[in-house]
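The values are calculated or read from the model by the stated rules, or taken from the named source; none is laboratory data. As the structure is a computational prediction, the values presented were derived from the model and not from experiment. Cβ coordinates were reconstructed from backbone atoms using ideal geometry, including for glycine residues, and neighbour counts include every protein chain displayed. Heads up: the accessible areas ignore ligands, DNA and RNA and are worked out on the full protein's heavy atoms, side chains in. Shrake-Rupley method; radii C 1.70, N 1.55, O 1.52, S 1.80 Å.
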Amino acid sequence: MKLKKMLAVALLAMSAMGFQIVNAQSLSPSSKWHWDKGTIVIDTPERPAGQEHVLGLTAAPIKTVRVGFVGLGMRGPSAVIRFCQIPGVEIVALCDYEEKRAEAQQRHLRNAGLAPAAIYYGEKGYEELCKRPDVDMIYIATDWKHHFPVAKCAMENGKHAAIEVPSAMNLEQCWDLIDLSEKKRLHCFILENCCYDDYEMKSLLMVQDGIFGEVIRAEGAYIHELSEFWQYYWKDPNDNDKDNLHWRMKYNMENRGDLYATHGLGPVAQCMNIHRGDRFTTLIAMDTESFVGKEWVEKNTGKEPKEFRNGDHTTTLMRTAKGKVVEIQHNVMTPQPYNRLFKLTGTKGYATKYPTEEFAIAGNALKDTDAPKMDNINAHGFLSTEQKKALMEKYRHPILDKYAEKGRHLGHGGMDYVMDSRLVYCLQHGLPLDMDVYDMAEWCALGELGAISMDNNCAAVTFPDFTRGYWNEVKGYTHAYATPEQEAAQESYADAYTAAQKEATAKLKLWELYDAAQKAEGKTKTSAIKKYERVAAKLDNQIEKILKAKSNF
């Protein structure tokens, strides 16, 4: 009896301190919190000895960025296509759980005239890929549950990590990636493409020029009904998916919170200088019951789910250290038009993207800015078509001017290509990346923090300080650029390198040898593979010879 009582007291104490005894992945087993006057306070772990923050982190310039791709289901193949179009890139390896999906992407390299990539597959295939000494960055486009283990493996093996969203599923993963980035001095980049959309980037320039005055409130969302897609998501054979839900629906059924916050949150966080002069301090989350989600599971399995954790619509309100508010919504269940909201409320103006792109600006707001001077404007109505066009043309973002048109046909209006090209640009020049590991953590934390709030009657929950005290060191969000001379030199080298790689691939007849190795059978297969590998090992030397013969590189 005494033992039972002691165990009951211990369990109660653990619950009060916030040790989450659950299996849901959006809740960390190691997160610690306590109540303080009705607010749940999330503990910030101390920075391990010897580590320093990575705000503004730079790494040595990488003239040719060598990439390995992991996850080639829905998002990965289009990333491979894009990287085939970026000069100064070498696609070293392709990896997926299923060998055929990795092998299928070779056609994009073949069509571009680039050399064949090494193929890795299986549950742990990425581990061998990450050990390769000739890879600079691992590009991760797996299902959500594998984002973290692959990124961790990459950084532990000295590789920069670029991770599709959400890049981390809970606070424990956020902290592990932060510690790895700080310890290894490696980039951990969140692949948030919506930060590179046209309207958002132009609005960011307007914010920085003071068009809207002080931005005091913002809204973002991911409202995207996915009924046509649920069965196309991968079915993980190790995920105990007995009901054939496939990974994304299963994850929504088992986890609560805003599980896909970054599309809406990323662009507004940049406009509000989060951890560059401000930070999120507190949130409150609330969701509806699951109506559509439960109905879908019952319809497709023939049985009503005992529990469906995630509500159809989740709303999260956040307050910053400087007294500003951000509202983020998530809904992938109910039928309605696609919407990321993106609304900025400022002391002198207002911006909204959906359903139409509009601006409302106070009469004197443009006085001390570089914007075109306009007559008859006031914030009681949107700018006219002509006024809006003039404003948008004035605030054309140089990053969009550089990359958007070339990538327009490569998906999402070009913003994916802009994101990837910009990532490669910063790596090639040794510049700080546009998003760092603290952005990743801040934007991905809504899953667990919101779940904690909703599981405790929508209580207020504090944000941990992911920068551990440095959120106010940098003043204002900026993009880093090389000098025009540096850009010209690197672009010339990148173009020359890619051309040399294509020429060397053809000269060595790598695709002919690769195809012969693929088709060979029995005893001849081993010798065909060895012949291909022997010739492929000459590729780098052949590229260098071509570069020396044709240029000053």
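Is it the case that some residue within region 391-404 is assigned to a helix (DSSP H, G or I), of a type in the set (Lys, Arg) and surrounded by fewer than 17 Cβ atoms within 10 Å (Cβ to Cβ)?
yes
Give all pairs with beta carbons closer than 6 Å in which a residue from region 289-312 that is touching a residue at least 12 places away in the same chain (Cβ under 8 Å) and within 16 Å of residue 230 (Cα to Cα) meets a residue that is surrounded by fewer than 19 Cβ atoms within 10 Å (Cβ to Cβ) and among the charged types (D, E, K, R); count only pairs at least 6 apart in sequence or on separate chains.
What qualifies is 301/243; 308/294.
Say we look at region 56-76 and pick out the residues that are assigned to a loop (DSSP other than H, G, I, E, B) and open to solvent by less than 40 Å² (accessible area, probe 1.4 Å); which of these is farthest from residue 181 (Cα to Cα)?
Among those residues, the one meeting the criterion is 73.
Only one of these conditions is not met by residue 112: (1) open to solvent by 10 Å² or more (accessible area, probe 1.4 Å); (2) among the hydrophobic types (A, V, I, L, M, F, W, C); (3) within 18 Å of the chain's Cα centre (by Cα). Which number is it?
So residue 112 meets the others, but not (3).
For region 28-55, enumerate the residues that are closer than 17 Å to residue 279 by Cβ and open to solvent by 50 Å² or more (accessible area, probe 1.4 Å).
43, 44, 45, 47, 53
Please specify each residue of region 405-438 satisfying the condition of being modelled with pLDDT under 95 and surrounded by fewer than 21 Cβ atoms within 10 Å (Cβ to Cβ).
405, 406, 408, 409, 410, 411, 412, 413
Would you say residue 223 is hydrophobic (A, V, I, L, M, F, W, C), within 20 Å of residue 289 (Cα to Cα) and touching a residue at least 24 places away in the same chain (Cβ under 8 Å)?
Values: hydrophobic (A, V, I, L, M, F, W, C): yes; within 20 Å of residue 289 (Cα to Cα): yes; touching a residue at least 24 places away in the same chain (Cβ under 8 Å): yes.
In short, yes.
Looking at this structure, is residue 425 among the aromatic types (Phe, Trp, Tyr) and closer than 27 Å to residue 484 by Cα?
Working: among the aromatic types (Phe, Trp, Tyr): yes; closer than 27 Å to residue 484 by Cα: yes.
So residue 425 passes the test.
Before we move on, is residue 472 within 37 Å of the chain's Cα centre (by Cα) and over 26 Å from residue 195 (Cα atoms)?
no
Does residue 236 satisfy the criteria of being in a loop (DSSP other than H, G, I, E, B) and modelled with pLDDT under 95?
Taking the combined requirement at face value, the residue satisfies it.
Select from region 375-390 the residues that are open to solvent by less than 40 Å² (accessible area, probe 1.4 Å) and touching a strand residue (DSSP E or B) at 6+ places or on another chain (Cβ under 7 Å) and write down the one among them that is farthest from residue 356 (Cα to Cα).
Residue satisfying both the conditions and the ranking: 377.
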